[in-house]
Amino acid sequence: MLGGINNGLFLISFSGFLVVGVMAVILKWAFSGNKSVIEKDKRIGHEDEYGLLKVAHSPKNHIEGEMLRQKLIAVGIKATLSQTKAGPKLLVFEKDLKIAKATLNS
């Protein structure tokens, strides 16, 4: 004991502050993924560059495309209207492609 202080209790208390400090550093590192606050420009790709999404329809413009997208959403099909290099495209998942095409043709 130094000067009447319980050293074991002091070290246990001090280690709590040390653990909180280490956790703060780890969390700051883990959740600091993107340093930029400026949004990157969107890249327009080809029809086949959208992963699991397949083209269900090629509308003439975005207004027609949004109306068709709302029609698919009303039926329960998730759809995305995207601008590609070949113009606007209505994209759906491959498992919903046949249903989407049948819905849009009716």
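The values are calculated or read from the model by the stated rules, or taken from the named source; none is laboratory data. Quick caveat, the model's predicted, so the values are computed rather than measured. Every residue, glycine among them, receives a Cβ derived from its backbone with ideal geometry; neighbour counts consider all protein chains shown. The area values use the complete protein model at the heavy-atom level, side chains included, leaving out ligands, DNA and RNA. Shrake-Rupley method; radii C 1.70, N 1.55, O 1.52, S 1.80 Å.
Going by the conditions given, is G33 out of contact with any helix residue (DSSP H, G or I) (no Cβ under 8 Å at 6 or more places or on another chain), in a loop (DSSP other than H, G, I, E, B), surrounded by fewer than 10 Cβ atoms within 10 Å (Cβ to Cβ) and at pLDDT 85 or above?
Judged against the criteria, G33 is not a match.
Would you call G45 open to solvent by less than 40 Å² (accessible area, probe 1.4 Å) and assigned to a loop (DSSP other than H, G, I, E, B)?
When the stated conditions are applied, G45 passes them.
Of the numbered conditions (1) more than 21 Å from the chain's Cα centre (by Cα); (2) modelled with pLDDT of 80 or more, F10 fails exactly one; give the number of that condition.
(2)
Among the residues of region 19-30, are any β-branched (V, I, T), under 22 Å from K98 (Cα atoms) and open to solvent by less than 100 Å² (accessible area, probe 1.4 Å)?
No; the residues of region 19-30 include none that is β-branched (V, I, T), under 22 Å from K98 (Cα atoms) and open to solvent by less than 100 Å² (accessible area, probe 1.4 Å).
Would you point out the residue of region 73-91, among those that are loosely packed, with under 13 Cβ neighbours inside 10 Å and touching a residue at least 40 places away in the same chain (Cβ under 8 Å), that is nearest to K60 (Cα to Cα)?
In this case the residue turns out to be A86.
One line per residue, one yes/no per condition, for (1) open to solvent by 90 Å² or more (accessible area, probe 1.4 Å); (2) assigned to a helix (DSSP H, G or I):
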| site | (1), (2) |
| --- | --- |
| G8 | no, yes |
| I38 | yes, no |
| A56 | no, no |
| K60 | yes, no |
| I63 | yes, yes |
| L68 | no, yes |
| K71 | no, yes |
| A100 | no, yes |
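In the set G33, G45, G65, G76, which member is at positive phi and within 25 Å of the chain's Cα centre (by Cα)?
G76
Pairs, please: C-beta under 6 Å, at least 6 apart or cross-chain, first residue in contact (Cβ under 8 Å) with a residue 12 or more places away in the chain and in region 92-106, second open to solvent by 80 Å² or more (accessible area, probe 1.4 Å)?
The qualifying pairs are F93/L52; T103/V75.
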